[in-house]
Amino acid sequence: MKNTLLVIIVIASIIVLGSCNGCNQSSKSIVIIGILFPMTGDAGEYGMKGRKAIELAVEQINNSGGVNGKNVEANFEDSKADPSTGVTAIQKMISVDKVSAVIGDIVSSVSIPAAVVAEKNKVVMIAPTSSAPALTNAGVFIYRVWPSDLLEGSSAGNFAKQKGFKKAVILHLNNDYGNEIAEIFKNNFESETQKVVGNEAYDAKAKNYRGMLTKIKSFNPDVIYIAGYYEDTGELLKEAKELGINVQFIGATAIEDNKFLELAGKNAEGIVYPLATGFDAQSQDTTTKQFVDAFKKKFNYEPGWVESHCYDAFMLIVNAMKKTGKTDGESIRQYLDSMGSYSGVTGAIKFDSNGDVTKPVIFKTVRNGKFLVLP
């Protein structure tokens with residue numbers, strides 16, 4: 001009986017010690033980076049595109065030795081593009097998963113409240129595609145690799161102004177992004193002789209926009225600025241053309257997606273939009289080309305602005321960890337503030353004192369079903 005008991009104790013001790021050693025090894029050999037993306041809901045397609053870019057980055061990093069000898073792991077949380085869901089998710093990543101850096105969110109309406117949580121906990125947050133001006137003063141731990149709406153909105157407004165349009169109508173998403181960029185466009189377009197004669201907010205979930213479009217048609221504008229995403233902009237263009245609204249349309253950077261061309265079809269012809277991201281999938285720059293080729297090989301399609309910016313945001317965190325040899329938020333923050341210029345797949349990235357990045361703006365149009373640089 002005593003011998004049996006002794007054997008049981010020895011076996012139990014081996015199991016416990018083996019289990020604990022395994023746990024310690026696991027915790028010491030993995031660096032976790034939090035990812036806050038909308039992977040379901042209205043912006044779910046954006047989030048899933050971003051997820052692919054992160055998965056590629058993780059694979060490449062771990063295949064090349066990881067972060068200071070440790071494998072990197074991406075911890076994905078679904079914000080559903082909902083502010084309250086996003087806040088709960090980032091709180092969980094910080095308190096339970098103990099992350100010191102978060103990539104997110106793709107949409108500004110989530111990034112803004114999530115930034116409050118990150119800043120309070122001294123966790124670095126890099127927003128890959130959030131453009132709301134409110135993020136500029138969100139805190140010293142908050143960064144973004146996508147330019148502020150101040151750049152895109154002012155560029156669109158100035159473009160319309162310089163082209164000599166007199167009467168503009170603004171159609172914009174009824175969210176942080178749409179409301180703010182619409183106001184920026186208005187402020188940069190209006191003059192003594194040029195006025196915004198209509199300013200309508202809309203819900204991305206609306207089944208159709210005919211009522212709103214019928215109303216703005218009566219204003220007889222010569223230019224219409226749509227501050228929205230590719231899906232709603234595509235539908236707005238289709239319905240506008242069906243109603244005989246044949247004026248110059250100006251869109252947002254977010255329409256540059258092949259799904260927009262599929263949804264809008266021939267109605268997309270001639271729309272003009274600013275591109276302020278710095279990403280060009282056709283670039284022969286070595287860093288960009290290697291990313292595009294690797295992404296196409298893994299996922300069988302060409303990456304766009306979502307994938308490229310999510311990839312750069314993740315790689316910036318990894319680069320900071322490698323350069324400093326540390327993974328805490330304060331060390332990452334100090335490195336990002338002093339790193340100078342980083343060569344990413346979206347071009348040169350350099351943060352100003354507010355964690356914002358500035359990129360050159362070019363204008364593009366849709367011609368014969370393709371996105372082309374405006375002559």
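The values are calculated or read from the model by the stated rules, or taken from the named source; none is laboratory data. From a predicted model like this one, the values you see are computed outputs, not experimental measurements. So basically every Cβ, Gly included, is an ideal-geometry build from the backbone, and we count neighbours across all protein chains shown. The accessibility values were calculated without ligands, DNA or RNA, using every heavy atom of the protein model including side chains. Shrake-Rupley method; radii C 1.70, N 1.55, O 1.52, S 1.80 Å.
Details
- Across segment 335-345, computed HN-Hα scalar couplings (Karplus, 6.51 cos²θ - 1.76 cosθ + 1.60, θ = phi - 60°) run 5, 4, 5, 10, 6, x, 9, 10, 8, x, 6 Hz from first to last residue, x flagging Gly and Pro.
- Residues listed by number, segment 282-306, amide nitrogen under 17 Å from Ser64 label point at 7 Å toward C-beta: 285-298
- Cα-centre dipole for segment 246-306 with unit charges at Cβ (Lys and Arg positive, Asp and Glu negative), debye to 20: 200
- Using θ = phi - 60° in the Karplus curve 6.51 cos²θ - 1.76 cosθ + 1.60, the 3J(HN,Hα) couplings for segment 267-281 round to 5, 7, 4, x, 5, 10, 8, x, 10, 10, 8, x, 8, 9, 5 Hz; x is entered for Gly and Pro.
- Of all DSSP-defined beta bridges confined to the chain, some 30% are antiparallel rather than parallel.
- Accessible heavy-atom area order of Leu372, Leu135, highest first, probe of 1.4 Å: Leu372, Leu135
- For Arg144, the residues whose modelled amide H falls within less than 5 Å of its own, excluding neighbours fewer than 5 places apart on the same chain, are Ala127, Val357.
- Pairwise label distance in nanometres, Asp97 with Phe219, each label 7 Å out on the Cα-Cβ vector: 4.3
- For the pair Asn246 and Lys205, the difference between a 0.36 nm per residue extended length and the Cα-Cα distance amounts to 12.3 nm.
- Counting protein heavy atoms only, the chain has 51 percent of its accessible area on carbon and sulfur, 1.4 angstrom probe.
- Tilt relative to the chain, helix 108-120 - C-alpha long axis, 0 to 90 degrees, to 10: 40
- Cα-based reach from Lys186 at 17 Å (exclusive), listing aspartates and glutamates while leaving out same-chain residues under 8 positions away: Asp149, Glu152, Asp176, Glu200, Asp222
- C-alpha center-to-center spacing [segment 82-156, segment 300-375] in angstrom: 15
- Surface calculation, 1.4 Å probe, protein heavy atoms: Lys323 sits at approximately 140 Å² accessible.
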